[in-house]
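Since the structure comes first, as structure tokens, the remarks are kept for the end.
The values are calculated or read from the model by the stated rules, or taken from the named source; none is laboratory data. Remember, it's a predicted structure, so these values are computed and weren't measured experimentally. Note: ideal-geometry Cβ built from the backbone for every residue, glycine included; neighbour counts use all protein chains shown. Quick note on the areas: whole protein, heavy atoms, side chains included, nothing else; ligands and nucleic acids left out. Shrake-Rupley method; radii C 1.70, N 1.55, O 1.52, S 1.80 Å.
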Amino acid sequence: MSAEEFLDRVMPHVADLNPDRFSHTSWRFEKRPTSEGVGMLPNPDTDVELMVAHILDVEAYPDNVKYVEGVDLVERRSDSDVTYVQHMNLPLIGRIQVQIHLSDYGMRDGFRVVAWDQDDEATEALDKKQGARTAYNLGAWLLADDAVGYALSSAPRKSDVGTLKYMAMTKGADATAGEVLKQNIQGMIAWAHRG
């Protein structure tokens, strides 16, 4: 599943969001165990280029992005195109890992878009002793002069976690999706403000 296909599903939902306060929406796709979602937070005077630079600075994630414990750089093809393994440690859930391809997609529907998709084969090859691998992981940052948006579709591999943890990570993810989207947006804005 590509980032482009994910963006095709995300962008029609952006118009439904309230431009005056944090707002989010979610939808089901195929028979996946988690919903896909997008949130948008008004942010006057967004420095779009600075935020793009921070989002693409994956090596700095462990010090600046909540719950990211480590990043293994696989390949940086350019300043705007990078593949890396992200290691996360989430409250109540534990360690999660995924290999991601992150790229600057330029302008789309009035937003500067930086999006990613999962390298399925490489993610499957990760050592599950280092953390549960994701079954799918797609996402996008949507940046405008007056707003910051974040979209996500992710779930763990069922074979990597027990039944109860899998339920917590799928049903629980849907229940807390709005807060997760908001925290990610606020965190990236705070990082950009730090310089």
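Right, A132: buried (at least 16 other Cβ atoms within 10 Å of the Cβ) and touching a Pro at 6+ places or on another chain (Cβ under 6 Å) or not? Taking the combined requirement at face value, the residue satisfies it.
Note on region 160-195: residues that are open to solvent by 70 Å² or more (accessible area, probe 1.4 Å) and among the hydrophobic types (A, V, I, L, M, F, W, C) amount to 3. Of the set (1) open to solvent by less than 20 Å² (accessible area, probe 1.4 Å); (2) in contact (Cβ under 8 Å) with a residue 24 or more places away in the chain, all apply to H13 but (1).
Residues in region 49-68 that are surrounded by fewer than 16 Cβ atoms within 10 Å (Cβ to Cβ) and in contact with a strand residue (DSSP E or B) (Cβ under 8 Å, 6 or more places away or on another chain): E59, P62. Here M11 fulfils each of the conditions (1) in a strand (DSSP E or B); (2) within 27 Å of V82 (Cα to Cα) apart from (1).
Here K66 fulfils each of the conditions (1) farther than 27 Å from M167 by Cβ; (2) under 14 Å from the mean Cα position of the chain (by Cα) apart from (1). Only residues that are closer than 24 Å to E5 by Cβ, crowded, with 19+ Cβ neighbours inside 10 Å and touching a residue at least 40 places away in the same chain (Cβ under 8 Å) were counted across region 69-97, and they come to 3. Among the residues of region 1-10, not one is β-branched (V, I, T) and either surrounded by fewer than 15 Cβ atoms within 10 Å (Cβ to Cβ) or without any contact (Cβ under 8 Å) to a residue 24 or more places away in the chain (or both). Exactly one residue among D120, D145, D127, D160 is in contact with a Ser or Thr (Cβ under 8 Å, 6 or more places away or on another chain) and not polar (S, T, N, Q), and that residue is D145. Within region 145-156, the set of residues being over 15 Å from D117 (Cα atoms), over 12 Å from the mean Cα position of the chain (by Cα) and crowded, with 16+ Cβ neighbours inside 10 Å comprises A147, V148. Within region 16-46, the residues that satisfy the criterion of being free of Cβ contacts under 8 Å to residues at least 60 places away in the same chain, acidic (D, E) and farther than 25 Å from A135 by Cα are D16, D20.
Counting only strands (runs of 3 or more DSSP E) that fall entirely inside region 29-134 and contain at least 2 residues that are under 19 Å from I189 (Cα atoms), the qualifying elements are 36-42, 94-108, 111-118.
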